[in-house]
Amino acid sequence: MIPSAAIAAAWLVWLVSWILASGWSARTASHHDLGAESPSRVLTLAAVVMILASYSPFVSAVMWTLPDQVAWAMFGLVLLGLGFTWAARLHLGPLWSSTSAPTEDHRIVDSGPYAIVRHPVYAGLLLAAFATAAERGRLEAVAGALALIAAISLRAKLEERFLRRDLGDDAYGSYRRRVPMLVPFAKVASPASKGQGGGG
């Protein structure tokens, strides 16, 4: 098996397992405007389409080709990223939700992957997407990874708005001061800044 096929297989296994586990979540605690999630969902779909397009022979030429050892290293990063998403979901347990609204028993989880970044599922997806784009070496894959950044940024900000509303800044202020949003060991923004809070 070549690295590109191994990466595609890893994504397929992740997607199928993620969908199959979708029923394992608590009910949301409040109704929210599903339309508010539309921009992030559209961007996510666009990102998926572009990354998939990079596997087609009828798209742009390859911009770069990685040596086999480096390509397999990208496969390792894809596994690491996707594994991190599952570690976060398993650690969160039934508190995980497929929507941006908090669940009925929502509380701050600041252990496990959530002690490293506030949005470990999103962080893992970004790592896997950029490793995939690096291995593909095509414009479509790079554009897809960039679109995913935009989608995740919108989604994370939406989640954090609900967290501020339903939990209050005092409930998780110390958590967001200690833990960066997406990049481990990154400088954490000040408590007064916008767009903070735990999430996916």
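Quick look at the values:
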item: Mean projection area, nm², convex hull over Cα of segment 47-190; result: 9.4 nm²
item: Packing-based order for 115-124, 140-149, using average beta carbon neighbours within 10 Å, highest first; result: 115-124, 140-149
item: Between segment 40-99 and segment 102-162, the alpha-carbon center distance in angstrom; result: 11 Å
item: Quotient of Cα Rg and 2.2 N^0.38 Å for segment 118-186, N being how many residues it contains; result: 1.32
item: Neighbourhood charge, 14 Å Cβ-Cβ cut-off, centred on Ile152 and excluding it, Lys, Arg +1 and Asp, Glu -1; result: +1
item: Net charge contributed by nearby residues that have their C-beta within less than 10 Å of Ile51 (K/R +1, D/E -1); result: +1
item: FRET efficiency estimate (nearest 0.05) - Cβ-Cβ, Ile19 to Asp169, R0 35 angstrom; result: 0.50
item: About the Cα centre, charge dipole magnitude for segment 33-188 (Lys/Arg +1, Asp/Glu -1 at Cβ), debye; result: 300 debye
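Throughout, read-outs are computed from the coordinates displayed, never taken from laboratory work. Source: prediction; values computed, not measured. Neighbour counts run over all protein chains shown; Cβ positions are idealised from the backbone, glycine included.
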